[in-house]
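Structure, as C-alpha cells:
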Amino acid sequence: MSPVSKTRPMKGPHLKSRGAALVTVLLIVTLATVATVGMTSRQRVDIHRTENLLLADQAYLYGQAIESWAVGILNEDRLSSKQDSLSESWAVGRLEEEVENGTVRGQITDLQARFNLNNLVSDGKLSNFEVQRFKRLLVALDLDPGLSDAIIDWLDADLLVRYPNGAEDEYYSLQQPPYRAANRPFSHISELRLVKGVTDEIFKRMEPFVSTLPIRLPINVNAAPAEVLMMLAEDMSRSNAEAILSSREQSPFENLDDLLKHNALAGLAVTKEGLAVSSTFFLLQGHSRFGKAKVTLSSVISRPVSAVPRVIQRFRGDYAGY
C-alpha cells in the first residue's frame with residue numbers, strides 16, 4: 001500500500017505572508033469603496049447644482065420678459081401722454097401671470113417721485129437749494145436733519161468735514177472693516193448704509209423716499225408722496241401735502257402753473273425749480289419663478305421723451321430650493 005500523504009499546516013513566515021496579503025486586499029477594497037462613494041456623492045451634488053443653474057437661468061429669462069413688459073407699457077404711455085401720474089396704466093397695472101412651470105410678477109414705480117440724493121452735489125458743486133429741501137424731507141420723516149452733513153461729505157470731492165455731523169476718510173478708516181468715503185455720486189441706494197449715522201432703521205425709513213439717479217432730476221409732483229411734497233417749502237404741513245394728493249387724484253397737474261395755483265400753497269414760497277409733472281426714470285421690481293428657482297430683479301428704466309425706454313441698471317438676486 002502507498003503511504004497516505006498528509007498536508008501539513010503552514011507555519012512561520014508563510015502564514016504571515018498570507019495574512020499580510022489579506023489585509024492589503026481588504027484595505028484596497030475599502031479605499032476603492034470610499035473613493036466610489038465619494039465620486040458618486042460629488043456627481044450627485046454636481047447634477048443637483050447643474051439642475052439648479054438651469055432652473056435659475058430659465059427663471060432669469062422669465063425676468064427678462066418682465067422687463068420687456070415694463071418697457072412696452074412705459075413706451076405706450078410715452079406716446080400717449082405728456083404727464084405721468086399714479087392713475088396711469090404703468091402705475092396702476094401690475095403683472096401677475098401663471099406661466100409654464102412658474103409665475104411672473106412685476107410692478108413699476110416712479111423714481112422721480114423720490115428725492116434724488118445725487119442732486120445735493122451736481123457737477124462737483126453743492127446745491128444749497130437742494131440741501132434745504134433734503135433737510136425738510138428728513139424732518140418730515142422724523143429723522144435728524146443733521147444726517148445731511150455726512151451724506152454731503154460722502155458725495156463731495158473734497159476731504160473737508162462738514163460741521164457738526166460730517167465724516168470723511170478719518171472716520172471711515174477707523175471702522176471695522178475700514179473703508180473710505182466715496183467722494184462721488186451714489187451708484188446705488190444700498191450705498192447709503194455705509195454713511196456715518198445711517199443705521200439699518202434709518203435706512204429702512206429713508207429708502208422709499210430717496211433715489212440715486214445718475215443726473216440731476218426734478219421731482220414729479222404728480223407722483224410724489226406727502227413726505228416728499230412737504231419738502232417744497234419751510235412751512236409746508238402734512239395737511240397741505242395731503243390736500244395736493246387729494247386734488248391730483250381727481251385730476252393730475254397738467255403743468256406746474258396749475259400746481260402753484262393750488263390753495264394749499266397759498267402764502268408758501270414754492271417755486272418751479274426742481275419740479276416737474278412727468279418722469280424719465282422708473283423702477284421695475286420683478287419676481288419670477290421656474291420650478292424651484294426664483295429670481296428677483298430691480299431694474300432702473302430710462303425713458304427719454306424722444307426715445308424708446310431701455311434698462312440702464314439691473315440688480316439680480318437668485319434663490320434655488322433644495
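The values are calculated or read from the model by the stated rules, or taken from the named source; none is laboratory data. Note that the structure is predicted; figures quoted are calculated from it, not measured. Counting neighbours? That spans all protein chains shown, and the Cβs are built from the backbone with ideal geometry, glycine included. Only protein heavy atoms, including side chains, enter the accessible area calculation; ligands, DNA and RNA are left aside. Shrake-Rupley method; radii C 1.70, N 1.55, O 1.52, S 1.80 Å.
Quick notes on this one:
- Taken per residue, the accessible surface of the chain reaches 58 Å², heavy atoms only and a 1.4 Å probe.
- For the stretch 113-204, a simple Cβ point-charge model (Lys and Arg +1, Asp and Glu -1, everything else neutral) yields a dipole of about 300 debye relative to the Cα centre.
- Dipole check for the chain: with +1 at the C-beta of Lys and Arg, -1 at the C-beta of Asp and Glu, and the Cα centre as origin, the magnitude is about 2740 Debye.
- For the pair T109 and L268, the difference between a 0.36 nm per residue extended length and the Cα-Cα distance amounts to 54.4 nm.
- Residues in the stretch 53-75 that a label on T296 would reach, taking backbone N under 20 Å of a point 7 Å out along Cα→Cβ: 53, 55-68, 70
- Potential lengthening between Q250 and V25 on full extension [0.36 nm per residue; Cα-Cα distance subtracted]: 72.2 nm
- Here the Karplus relation 6.51 cos²θ - 1.76 cosθ + 1.60, evaluated at θ = phi - 60°, turns the backbone of the stretch 121-132 into coupling constants of 10, 10, 6, x, 10, 6, 9, 5, 4, 5, 4, 5 Hz, with x for every Gly and Pro.
- Linear extension gain, S306 paired with S68, 0.36 nm per residue minus alpha-carbon span: 83.8 nm
- Ranking by accessible area, most exposed first, for L27, L74 with a 1.4 Å probe: L27, L74
- Rounded to the nearest 20, the size of the Cβ-charge dipole of the stretch 51-142 about its Cα centre is 800 debye, with Lys and Arg at +1 and Asp and Glu at -1.
- Surface share of carbon and sulfur [accessible, 1.4 angstrom probe, percent] for the chain: 55
- Considering only A167, V92, L53, the residue lying farthest towards the positive end of the dipole of the stretch 50-170 is V92, judged by Cα position with unit charges set on Cβ.
- With the charge dipole of the chain set up from +1 on Lys and Arg Cβ and -1 on Asp and Glu Cβ about the Cα centre, the Cα lying farthest toward the positive end among the listed residues S247, P208, S127 is that of P208.
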